[in-house]
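Notes to accompany the following structure.
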Amino acid sequence: MARERSSRADYAQFKQMTTRWRDNDMYGHMNNVVFYEYVDTAVNTWLIENAAMDIPNGEIVGLVVETSCTYHGSLGFPEPLDVGLKVSRVGNTSVTFEIGLFDVNDQNAAAEARFTHVYVNTETRRPVPLPDGLRGALEQLVVG
């Protein structure tokens, strides 16, 4: 059963990213593992720019504990892509991001990813509650 693709309206914020020559595989489109590079870059860029996270030198760090991605269409160099970001869950020590990767000319996602971080103390690697500033920033990405 085909899953309905998300649209741009489903995301709280967008960032345009430039694809690279090396993103394409021998089939002439962006390789599936490269999608995760864009997901990771989009999430961490947002955390640095909007949540004042000091990556990698802060007191806490988000460790990825779960990812998934559903692919609906092809993306690839030399076309740029739009990356949509939202938060579907803010927990005590964790957050789940949802990321849509879009062809700049399409209203529907070419891929939809989920990305869960558990925040831990940088030194002990033990889970810590989300700081208020981070929690407040994340809540701005909650849609619906």
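Annotation note: of Thr45, Thr124, Thr96, Thr70, the sole residue that is more than 29 Å from Glu4 (Cβ to Cβ) and of a type in the set (Ser, Thr, Tyr) is Thr124.
Contact map, region 105-128: first residue closer than 17 Å to Val64 by Cα and in contact (Cβ under 8 Å) with a residue 24 or more places away in the chain, second residue aromatic (Phe, Trp, Tyr) and part of a strand (DSSP E or B), Cβ cut-off under 8 Å, separation 6 or more or different chains; pairs are Arg114/Phe97; Phe115/Phe97; Thr116/Phe97; His117/Phe97; Pro127/Tyr119; Val128/Tyr119. Within this structure, Leu134 passes the test of being of a type outside the set (Ser, Thr, Tyr) and more than 15 Å from Gln13 (Cα to Cα).
Of all the listed residues (Val39, Val64, Val87, Val83), the sole one being within 15 Å of the chain's Cα centre (by Cα), without any contact (Cβ under 8 Å) to a residue 60 or more places away in the chain and on the phi < 0 side of the Ramachandran plot is Val64.
In region 10-62, which residues are surrounded by 13 or more Cβ atoms within 10 Å (Cβ to Cβ), among the aromatic types (Phe, Trp, Tyr) and in a loop (DSSP other than H, G, I, E, B)? Of everything in region 10-62, just one residue is surrounded by 13 or more Cβ atoms within 10 Å (Cβ to Cβ), among the aromatic types (Phe, Trp, Tyr) and in a loop (DSSP other than H, G, I, E, B), namely Tyr11. The number of residues in region 110-139 being more than 13 Å from the chain's Cα centre (by Cα), surrounded by 12 or more Cβ atoms within 10 Å (Cβ to Cβ) and outside any helix (DSSP H, G or I) comes to 11. Note on region 83-109: residues that are farther than 18 Å from Ala9 by Cβ and either part of a strand (DSSP E or B) or among the β-branched types (Val, Ile, Thr) (or both) amount to 6.
Each reported figure results from applying straightforward, stated rules to the coordinates on display, with no laboratory input. This is a predicted model, so every value here is computed, not measured. Heads up, the Cβs are rebuilt from the backbone with ideal geometry, glycines too, and the neighbour counts pull from every protein chain shown.
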